[in-house]
Amino acid sequence: MKVLITGGAGFIGSTVASKCVDAGIDVVILDNLLTGRAEFAHRFPFYCGDIADEKLLDRIFADHPDIVATVHCAALIVVGDSVSSPARYYENNVSKSLTLVSSVLRNGCERFLFSSSAAVYAPSDGGCVDEHWRIAPQSPYAHSKAQFETMLDDIVAATGLSAISLRYFNPVGADPELRSGPASARPTHALGKLFESYSTGTPFRVTGTDWPTRDGSGVRDYVHVWDLADAHVRALERFDRVTADSSRMTVVNLGSGRGTTVWELVHTFENVLGEDVDVVAADRRTGDTAGAYASNDRALRLLGWVPTFTLEQGIEDTARWLTVRAHLLNSAPLSVSLVARPRR
């Protein structure tokens, strides 16, 4: 089996690529390197370009006529940026993605695996959500994912395309073999901010301490990126079986199945790293919600998928990755060596 992975030079896409190759699936990468890293793509056949470049897509399929599926990981993903630059997010995540679908269909590739997001769901009170939970995105980023899902569903109903949308919760960790990991030097997610606070000595901000949760802080579902990659491989291997009885797009949640509050994340981080972090409570940010965690029942039933990595392992793998990141990506090192060690 050979697959095309768009955004395959990014954190998620490159990790999926490594997992595919480990499972005996051949990979071709397409990435414009806007946020991706060439260092992540050098082990694979790599085309540098845009997902909306129809001539480039035609050339990729001419060069690799045995591609049987597209794994669409290319997207802009920073919520705050989407609020300040919504048009850019709709152009990249919706308009260009539609051009991509047209291109792969034109080239006879009718299996489409989409990297979506749990951000499409309506806010909850920190509880469990399944795939039937109401759709009510709270940011332009989330809207772009939900809109493309709607369009993809309509295209599946009208054409020979089959599609699976994998709704990620909060990816953490790195490839356990350290072939890839979070590339950004300016993280926007909670675990990245914790490492930033740890390395710089600046306080970590817990934004919102009056949510209707067990300790007042927001709930998130942290799923290890290697577990996410495993779900992609399983979806590719079972694609026809999963989509055989449906004329619509198939949606599957991917999370750890466990809710972790921000305070719990801080305490787990401190236990893994063996050091305390300076923490301050702050007001809720505009657009924040209490959060939610995933029901993985459908992932188990359709993909045979159960997450196997813990949050502690996600933190440990991130710490190990950050010790080699500067060398592998020719980037400036963090100011403090990050080595997971028992808490004293």
(message) I'd like to check something: does region 185-193 contain any residue that is open to solvent by 30 Å² or more (accessible area, probe 1.4 Å), in a loop (DSSP other than H, G, I, E, B), more than 30 Å from LEU98 (Cβ to Cβ) and aliphatic (A, V, I, L, M)?
(response) yes
(message) One residue is enough: does region 242-253 have a residue meeting the conditions open to solvent by less than 30 Å² (accessible area, probe 1.4 Å) and of a type in the set (Gly, Ala, Ser)?
(response) no
(message) Taking the criterion of being assigned to a helix (DSSP H, G or I) and open to solvent by 10 Å² or more (accessible area, probe 1.4 Å), would at least one residue in region 213-221 satisfy it?
(response) no
(message) I'd like to check something: does region 11-22 contain any residue that is open to solvent by less than 50 Å² (accessible area, probe 1.4 Å), over 17 Å from ALA75 (Cβ atoms) and aliphatic (A, V, I, L, M)?
(response) no
(request) Show the residue pairs that are 6+ apart or on different chains and have beta-carbon atoms under 6 Å apart, the first residue being within region 3-18 and touching a residue at least 12 places away in the same chain (Cβ under 8 Å) and within 16 Å of TYR168 (Cα to Cα), the second being part of a helix (DSSP H, G or I) and among the aliphatic types (A, V, I, L, M). (result) THR15/VAL225; THR15/ALA229; VAL16/ALA229
(request) Check whether at least one residue in region 312-335 is surrounded by fewer than 16 Cβ atoms within 10 Å (Cβ to Cβ), part of a loop (DSSP other than H, G, I, E, B) and touching a strand residue (DSSP E or B) at 6+ places or on another chain (Cβ under 9 Å), and report yes or no. (result) no
(message) Given (1) open to solvent by 30 Å² or more (accessible area, probe 1.4 Å); (2) in a loop (DSSP other than H, G, I, E, B); (3) in contact with a Leu (Cβ under 7 Å, 6 or more places away or on another chain), identify the lone condition not met by VAL277.
(response) (1)
(message) Can you go through ILE164, ILE155 and tell me which one is assigned to a strand (DSSP E or B) and either buried (at least 18 other Cβ atoms within 10 Å of the Cβ) or not polar (S, T, N, Q) (or both)?
(response) ILE164
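The values are calculated or read from the model by the stated rules, or taken from the named source; none is laboratory data. Keep in mind the model is a prediction, meaning the values are calculated, not measured. Glycine also receives a Cβ, built like all others from the backbone with ideal geometry; neighbour counts cover every protein chain displayed. Note: accessible area is taken over every heavy atom of the protein model, side chains too, but ligands, DNA and RNA are not part of it. Shrake-Rupley method; radii C 1.70, N 1.55, O 1.52, S 1.80 Å.
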